[in-house]
Amino acid sequence: MTDLNHPIRVLVVDDDPMVVTGISTILSTSADLVVVGRCADGDEVPGAVASLKPDVVLCDVNMKRVNGIQVAATLSAMPDGPRVLMMTALDDDGLALDAITAGATGFLLKEEDPQRFIEAVQQVARGEVTFSQRAARQLTDWVRNSQTADVRRAAQQRLAMLTDREREFAVALMSGASDAELAANFFVAETTVKSALTSIKTKWGIRNRTQLAVVVAQAGV
């Protein structure tokens, strides 16, 4: 987890120079974020990470030479590697889902409000996994439109492993709510939410809450 007493170091990765410049400018407006580097494609990321030591890599999904899926897989396999926050366009046809499976800790739509980018980087740096309500809806659509009957049955079997409260939290997570928002909605302590989500991830053998949301969507809930 990032030491939040210091500015969060961010590496921005996209093969569109205008996107890189725009996102970098947005992030630079926050006093606790610093853009330490920019990459024009995924093959530049390992070297940049080694030299610049970013806390968060904000990465496009669909790039020309090495896409965000490969970037996420490479960085998630690194000991103490940076967290990967994925950016995606509306027409990426589920590539963000593949990146999440590969180890990305969240994703945003490129059309999000600029403040949402700042908040998402801050959340990921704190060790949270994040996706906005709009991105959550997009994730749900991707999964439900692409799944098979076998995938749905397997996901429903996973849901059956949960306690009633764990299932409630898992389903509510599809809204993109934070732990604090879930706690407020269910009138419980935030530690109760965190404990339940940790239990679910352990039972399902998954790494983060975005993968958790994928399973719920696969179940057709």
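Values quoted throughout were computed directly from the atomic coordinates according to the rules given, and no laboratory measurement underlies them. As the structure is a computational prediction, the values presented were derived from the model and not from experiment. Here the Cβ positions follow ideal geometry from the backbone for every residue, glycine too, while neighbour counts run over all protein chains shown.
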(message) Under 8 Å for C-alpha pairs, at least 6 residues apart: give me the relative contact order for the chain, rounded to a whole percent.
(response) 16 percent
(message) In the stretch 8-130, if the dipole is taken from +1 on Lys/Arg beta carbons and -1 on Asp/Glu beta carbons about the Cα centre, which of SER51, MET86, ALA120 is farthest to the positive end?
(response) SER51
(request) Sort 105-112, 17-24 for me by packing, meaning the mean count of neighbouring Cβ atoms within 10 Å per residue, highest on top. (result) 105-112, 17-24
(request) With a/c under 1.5 counting as rounded, go ahead and sort the stretch 8-130 into rounded, prolate or oblate using the C-alpha gyration tensor (a ≥ b ≥ c being the square roots of the eigenvalues; past the cut-off, prolate if a/b is larger than b/c, else oblate). (result) rounded
(message) 7 Å from Cα along Cα→Cβ at both VAL34 and ARG152: what's the point-to-point distance in nm?
(response) 5.1 nm
(message) So if I place +1 on the C-beta of Lys and Arg and -1 on the C-beta of Asp and Glu, and nothing else carries charge, what would the dipole magnitude of the chain be about its Cα centre? I want it in debye, nearest 20.
(response) 720 debye
(request) Mind sorting out which of [x] 29, 20, 15; [y] 34, 20, 16; [z] 35, 22, 20 is the real semi-axes √(5λ) of the Cα gyration tensor in Å computed from the coordinates? (result) [x]
(request) Might you report the magnitude of the Cβ-based charge dipole of the stretch 8-130 about its Cα centre, with Lys and Arg at +1 and Asp and Glu at -1, to the nearest 20 debye? (result) 440 debye
(request) Tell me what the chain gives for mean residue ellipticity at 222 nm when only DSSP H runs of n ≥ 4 count, each as -39,500 (n - 2.57), the sum divided by the residue total, rounded to 500 deg cm²/dmol. (result) -16000 deg cm²/dmol
(request) May I ask you to order 163-169, 7-13, 62-68 by the average number of other C-beta atoms within 10 Å around their residues, highest value first? (result) 7-13, 62-68, 163-169
